[in-house]
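Here it is: the structure, laid out below.
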């Protein structure tokens, strides 16, 4: 091959790559031009600047969302605060243990567990 054909091929490839770069730049400019301005749309407390679908959710489904939140909040907090007493009091009822006995046991447990006798038993079992 002579130098002229090699140079012409190099020019073609460089021209093609330049065209591709220009096309990519045009696409990027078009995307930047057509994108929504996020900071301008969402000022706090201004419902007119919100997108239409979010405005519809806030206006039309507001009561449904509040009802869901109340229901699921009630279920969550009931389970959260109900498991502890259930675990605590169910065995006490089955074993016929009073609350005062459990209170004395819980207050005296540090003293009982730090004694050398209980410590020796625990070391033997382990």
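Tell me, what is the FRET efficiency for residue 79 and residue 31 to the nearest 0.05, using R0 = 35 angstrom and their Cβ-Cβ distance as r?
The value I calculate is 0.15.
In nm, what is the difference between 0.36 nm times the number of residues separating residue 92 and residue 122 and their Cα-Cα distance?
Taking residue 92 through residue 122 to full extension adds about 8.3 nm, to one decimal.
Another question about this same structure. So for 92, 30, fewest C-beta neighbours within 10 Å to most, what's the order? The partial results should precede the final answer.
Working: 92 13, 30 10.
Ordered from fewest to most neighbouring Cβ atoms within 10 Å, 92, 30 come out as 30, 92.
Each reported figure results from applying straightforward, stated rules to the coordinates on display, with no laboratory input. As the structure is a computational prediction, the values presented were derived from the model and not from experiment. Note that we place each Cβ from the backbone using ideal geometry, even for glycine, and neighbour counts take in every protein chain shown.
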